[in-house]
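*Asks:* Let me give you the structure first, and then I'll get to my questions.
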Amino acid sequence: MTTIAPAGSSFATDRQWRYVFIACSVIIAILLPSLSPAYGQTGDEWLQIFYGRDIWDYFFNGDTQALGYDKLLPRYKGMETQFLGQELYGGLFDFGTEILHRWFPSIPQLIIRHACNALTNVVLMISTGLIARRLSGRWSVGVLALFLILFSPRIFGEGMNNPKDIPFAAGFALALYAVIALLQDGSRRMVWHGVLLALGFGLAFGVRAAGGLLFFAYLLVTAALWFLLSKENRQGWWAEKKIRKRILWVTVGGLVAGYIIGLLAWPWGLQSPINNPIESLKGMTHRATKIRTLFEGSYQWNYAMPWYYEIKWILISNPISVIFGSLVFLVLGFLRRKQTGSFLLSWGLFAALFPLLYMAYKHSSVYDTWRHVFFVYPFWVIIAAIGWAWLGDMLAKILAKNAGQKAWYIGPGLAFLLTLPAVFWTFRSHPNQYVYFNEFVGGIKGAEGNYELDYYYNSSQQQVDWLRKNAPHIPGKKEIVLANMGGFGPDCLHGDTAYIAPSYLSYYKRATQPWDYYLMFPRLIPEGLVKNKNWLPAHPIHVVSVDGVPLSALIKRSDTFDLAAMHAMSAGNFAGAAQYWALHLKTDSNDPIATLNYAAALAQSGQIKEAISVAQKASNIDPEDAQAWSMLAQLYQAAGNAAAARDANARAQGIMMAMQGDAPEE
């Protein structure tokens, strides 16, 4: 059996550490679901809710929408882009939570979804600790791995409301644990490990079918390295034909059972159980959703990111104890390869890096930080925990005469100290743990304006809770609350819409509709405002922030001059519109959309000089606004200033080329 435990070492005693691991696991299993109601609906969770309902309607009402989203039913009119390719995803989590909601309709759907999400995160964390214990041979290392992943704020936070990446990672880790257990134990507890393999693979495949197929590569490589790099392993149960055959059948049976579990909640997959999962893999590989995301201080197209995009995100948004521990593992693994063998080093490098390097090689499209590769992070944690244990082994050997085996605790102790900033953050930032950045970029303050923060709209729950408490409760009247968050609706309020009417409205169209409150996130507002850290409106009534960095802001409408201005412009009354815009800007002089509209109204009413001054201000508020520079070019031309017109036009063209031309041709 390949493990790293030195012969005869027990430190505290392995049994005591086992009890610690069990106690911590129980606490985590209770704690995470109990905290989950504080987390908001994510930006695409509304889509997953609809998908779960479509699957329910397919099985119980004969509705065929879940079989494909190329042609949408009338209820989804105008949502073609959001739903495109949705059938490529498994429906296990979404359908499962929909069933629970149907059984317990009095419980808000988001409460059910987030509790289930948290439970899958529990599975992810415990599986990570169990793999570390298996590979190390020590429950103490399992406890350390459990600690490291518990206080990995990105995993902690997204574990509450990310219905794709966390359940997939949980299933992936559980299934791989079952494989390692089968390799180590042989015929002992063989059936139990086969059941775990089925459940883990079923969860991974049932959430993200294309990614679930990747598990076969991990299974084959893990098994190959296990036997090829260890003569001892080849001479174990593998040498006995009868046992070998039984284990192979259990493994195949577990995979087939998991495959069936995943298919049962996937209508499109059921239509062709072999071909459609393969088509899903092809479709997800070549999916061409195009978004711009903030990375290293500039907005870039998601399909043209630097090759190191995912790797850098992992390095800057996780505890440095995991990063340094992984480096310690690599160094000591190489130095100790004669003592520990080559399996751990080879397996650790493959498990932690293969998908990341493959994505870099293929120039894969990436979305919203590194959430699509959460499934590799447990392996970073595992090798980090082993690395710190190895360091403790080395120090215990060096200091054996003075400190004895107690010196081993220096290694894990260093890991604990390096994790403390993330521990404090986890408590201080609740429930926005997932916007964590480590010391490499100066924390969240260093990341502001350089990297995406609340890209998943998690702080929406805090804003909604504030509204439900502070918005007027006037019988017969509902406060209109709009937001630039896709899917903002009744589910965000847990169905409590007695006094609030929520809906979506683009940031750019705030002046086109009546509303009482507007909730804005920096995710979908002018890029220049976010980069320059001046996206906050002048008089927000409630701001959710962490360490002084704003994540979202709520404003209350103080006048309707902007609405009047838009009506006047539509009617061709540009002079009147200009007067209304001037009045509106007295309450928020840095509103870029209103300022630009004010300049347009002035220009249309013949006030070119004044329009130039206002357009210049608009370009100062948002230097990345191509529309402002284009307007300036036209105004300068109208004023006879050809040189200034050329400069402004060049600036506008440069911005548009940067937005459209920084991606490779497809």
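*Asks:* Collect the residues in region 499-543 that are without any contact (Cβ under 8 Å) to a residue 24 or more places away in the chain and over 14 Å from residue 466 (Cβ atoms), keeping them in residue-number order.
*Replies:* 501, 503, 504, 505, 506, 509, 535, 536
*Asks:* Also, quick follow-up: Whether any residue in region 376-384 is assigned to a helix (DSSP H, G or I), under 25 Å from residue 174 (Cα atoms), at pLDDT 85 or above and open to solvent by 30 Å² or more (accessible area, probe 1.4 Å) is what I want to check.
*Replies:* Checked against the condition, which is being assigned to a helix (DSSP H, G or I), under 25 Å from residue 174 (Cα atoms), at pLDDT 85 or above and open to solvent by 30 Å² or more (accessible area, probe 1.4 Å), region 376-384 yields no hits at all.
*Asks:* Let me ask something else about it. Please indicate, with yes or no, whether at least one residue in region 283-291 is of a type in the set (Lys, Arg), assigned to a helix (DSSP H, G or I) and either modelled with pLDDT under 85 or open to solvent by 20 Å² or more (accessible area, probe 1.4 Å) (or both).
*Replies:* no
*Asks:* Hey, can you tell me all the residues within region 601-623 that are within 20 Å of residue 566 (Cα to Cα) and part of a loop (DSSP other than H, G, I, E, B)?
*Replies:* 605, 606, 607
*Asks:* Now for a separate question. Inspect all residues belonging to region 97-104 and state whether any of them is under 17 Å from the mean Cα position of the chain (by Cα), of a type in the set (Val, Ile, Thr), open to solvent by less than 10 Å² (accessible area, probe 1.4 Å) and more than 17 Å from residue 38 (Cβ to Cβ).
*Replies:* No, there is no match, as no residue in region 97-104 is under 17 Å from the mean Cα position of the chain (by Cα), of a type in the set (Val, Ile, Thr), open to solvent by less than 10 Å² (accessible area, probe 1.4 Å) and more than 17 Å from residue 38 (Cβ to Cβ).
A quick yes/no check of all residues on (1) in contact with a His (Cβ under 8 Å, 6 or more places away or on another chain); (2) farther than 22 Å from residue 164 by Cα; (3) at pLDDT 95 or above; (4) among the aliphatic types (A, V, I, L, M):
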| site | (1), (2), (3), (4) |
| --- | --- |
| 452 | no, no, no, no |
| 461 | no, no, yes, no |
| 482 | no, yes, yes, yes |
| 486 | no, no, no, no |
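*Asks:* Right, residue 166: open to solvent by less than 10 Å² (accessible area, probe 1.4 Å), β-branched (Val, Ile, Thr), more than 30 Å from residue 443 (Cβ to Cβ) and assigned to a helix (DSSP H, G or I) or not?
*Replies:* no
*Asks:* To continue, here is another question. For region 624-654: of the residues being farther than 28 Å from residue 537 by Cβ and outside any helix (DSSP H, G or I), which is farthest from the chain's Cα centre (by Cα)?
*Replies:* Out of the qualifying residues, it is 640.
*Asks:* Related question: With in contact (Cβ under 8 Å) with a residue 24 or more places away in the chain, not in a helix (DSSP H, G or I) and not aliphatic (A, V, I, L, M) as the only criterion, which of 367, 303 stands out?
*Replies:* Numbers: 303 fails: not in a helix (DSSP H, G or I).
One residue alone meets the criteria, 367.
*Asks:* Then there is this: For region 210-233, which positions are open to solvent by 30 Å² or more (accessible area, probe 1.4 Å) and either within 28 Å of residue 92 (Cα to Cα) or in contact (Cβ under 8 Å) with a residue 40 or more places away in the chain (or both)?
*Replies:* Within region 210-233, 213, 214, 216, 217, 220, 221, 225, 229, 232 meet the criteria.
*Asks:* With of a type outside the set (D, E, K, R) and modelled with pLDDT of 95 or more as the only criterion, which of 168, 216 stands out?
*Replies:* Answer to the check: 168.
*Asks:* Note down all Cβ pairs under 8 Å where the first residue falls in region 575-588 and is free of Cβ contacts under 8 Å to residues at least 60 places away in the same chain and farther than 13 Å from residue 607 by Cβ, the second is among the hydroxyl-bearing types (Ser, Thr, Tyr) and surrounded by fewer than 21 Cβ atoms within 10 Å (Cβ to Cβ), and they're at least six residues apart or on different chains.
*Replies:* Hits for this filter: 587/558.
*Asks:* Still on this structure: Being crowded, with 21+ Cβ neighbours inside 10 Å, within 23 Å of the chain's Cα centre (by Cα), in contact (Cβ under 8 Å) with a residue 12 or more places away in the chain and within 26 Å of residue 497 (Cβ to Cβ), is that true of even one residue in region 115-127?
*Replies:* For region 115-127, residues crowded, with 21+ Cβ neighbours inside 10 Å, within 23 Å of the chain's Cα centre (by Cα), in contact (Cβ under 8 Å) with a residue 12 or more places away in the chain and within 26 Å of residue 497 (Cβ to Cβ): present.
*Asks:* All but one of (1) surrounded by fewer than 18 Cβ atoms within 10 Å (Cβ to Cβ); (2) closer than 22 Å to residue 656 by Cβ hold for residue 570, so report the exception by its number.
*Replies:* Status for residue 570: all satisfied but (2).
*Asks:* Another one. For region 306-358, which fully contained helices (runs of 4 or more DSSP H) count at least 2 residues that are modelled with pLDDT of 95 or more? It would help to see each step written out before you state the result.
*Replies:* Values: elements: 309-316, 320-335, 337-340.
By residue number, 309-316, 320-335.
*Asks:* In region 554-587, what count of residues is obtained for those that are part of a helix (DSSP H, G or I) and touching a helix residue (DSSP H, G or I) at 6+ places or on another chain (Cβ under 7 Å)?
*Replies:* 17
*Asks:* Could you grab the pairs with beta carbons closer than 7 Å, sequence gap of 6+ or different chains, first residue in region 258-280 and within 16 Å of residue 95 (Cβ to Cβ), second one of a type in the set (D, E, K, R) and surrounded by 14 or more Cβ atoms within 10 Å (Cβ to Cβ)?
*Replies:* Listed by first residue and then by second, the contacts come to 268/87.
*Asks:* Could I ask something else about it? From the list 651, 646, exactly one residue is more than 24 Å from residue 534 (Cα to Cα), basic (Lys, Arg), open to solvent by 20 Å² or more (accessible area, probe 1.4 Å) and modelled with pLDDT under 95. Which is it?
*Replies:* That would be 646, the only listed residue that is more than 24 Å from residue 534 (Cα to Cα), basic (Lys, Arg), open to solvent by 20 Å² or more (accessible area, probe 1.4 Å) and modelled with pLDDT under 95.
*Asks:* Go through (1) in contact with a Pro (Cβ under 9 Å, 6 or more places away or on another chain); (2) over 16 Å from residue 136 (Cα atoms) for residue 305 and report which single condition fails.
*Replies:* Looking at each condition in turn, residue 305 falls short on (1).
*Asks:* Only residues that are surrounded by fewer than 19 Cβ atoms within 10 Å (Cβ to Cβ), touching a Pro at 6+ places or on another chain (Cβ under 6 Å) and within 17 Å of residue 94 (Cβ to Cβ): list them for region 23-73, please.
*Replies:* 67
*Asks:* Still on this model: For residues that are of a type in the set (Asp, Glu) and either outside any helix (DSSP H, G or I) or buried (at least 19 other Cβ atoms within 10 Å of the Cβ) (or both), tally how many sit in region 234-282. Give the steps one after another, and end with the answer.
*Replies:* From region 234-282, those of a type in the set (Asp, Glu) are 240, 279; that's our starting set.
Still in the list and also either outside any helix (DSSP H, G or I) or buried (at least 19 other Cβ atoms within 10 Å of the Cβ) (or both): 240.
Total satisfying the criteria: 1.
*Asks:* Continuing with this model, one more query. Mind counting the residues in region 175-195 that are without any contact (Cβ under 8 Å) to a residue 24 or more places away in the chain, open to solvent by 20 Å² or more (accessible area, probe 1.4 Å) and in a helix (DSSP H, G or I)?
*Replies:* The qualifying residues number 1.
The values are calculated or read from the model by the stated rules, or taken from the named source; none is laboratory data. Computed from a prediction, not measured in an experiment: that's the story for all the values here. Reconstructed Cβ throughout: ideal geometry from the backbone, glycine too, with neighbour counts over all protein chains shown. In case anyone asks, the SASA skips ligands and DNA or RNA and just uses the protein heavy atoms, side chains included. Shrake-Rupley method; radii C 1.70, N 1.55, O 1.52, S 1.80 Å.
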